[in-house]
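What follows is a short report on a single structure.
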Amino acid sequence: MSTMIDSGLYNINNVQYSNRYIVMSGNNEFVGHDVPDTFYVDVVDKVSHLATLKDTKTGLYLTLDPQDHKVVGKMEPQILQLSTEDGEMFIIHPQDVNEVAYLKDDGNWSWIYVGPAPASGYAKYWRFCKAD
């Protein structure tokens with residue numbers, strides 16, 4: 001793995017659909033939207049690329065639910081691994097698990113799914129952009 005981001009405030013956008021950011025929908029599920037939410041990324045292990053992601057607007061943590069194949073907001077944090085090869089594009093997944101968050105299409109309010117990493121394309125990659 002390459003360079004890990006530092007703890008701080010970030011907007012998270014999809015690499016393949018670069019005008020889609022992770023935001024909370026009305027039913028506590030995260031979706032791709034054209035207006036970003038800001039997340040506090042708390043890096044808990046920089047070497048292993050482990051962090052929690054907290055939506056500052058709702059106070060809920062971004063969590064991956066592989067059983068329901070959804071990215072949902074919860075009060076309890078889930079430690080996630082942010083895997084990268086270049087320090088710019090990250091795959092969000094539970095540690096050492098091939099169940100990743102990916103955006104299925106470019107529609108506004110598109111669901112972010114959890115499943116095996118798609119073999120092609122960049123929908124499984126996310127960019128962490130420093131927020132003010």
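A few comments on the model shown:
- Alpha-carbon Rg with Dmax, taken over region 4-120, Å: 12.8, 35
- Summed over the residues of the chain and divided among them, the accessible surface reaches 50 Å² per residue at a probe radius of 1.4 Å.
- The figure for THR3 is an accessible area of roughly 90 square angstrom, using a 1.4 Å probe on the protein chains alone.
- Range in the chain, longest, excluding exposed trypsin sites (Lys or Arg not before Pro) [loop by DSSP; at most 14 other beta-carbon atoms within 10 Å]: 58-103
- Within the accessible surface of region 56-132, defined with a 1.4 Å probe on protein heavy atoms only, the carbon and sulfur portion equals 50 percent.
- Distance (nanometres) between label positions extended 7 Å along Cα→Cβ at ASP86 and ASN19: 2.2
- Whole-angstrom gap from region 49-97 to region 111-132, using each part's C-alpha centre: 11
- Note on GLU99/SER7: beta-carbon distance plugged into 1/(1 + (r/R0)^6) with R0 of 25 Å gives a FRET efficiency of 0.55.
The values are calculated or read from the model by the stated rules, or taken from the named source; none is laboratory data. All values derive from a computational prediction rather than experimental measurement. Because the Cβ atoms are built from the backbone with ideal geometry, glycine has one as well, and the counts that use them run over all protein chains shown. Side chains included, ligands, DNA and RNA excluded: accessible areas come from the protein's heavy atoms. Shrake-Rupley method; radii C 1.70, N 1.55, O 1.52, S 1.80 Å.
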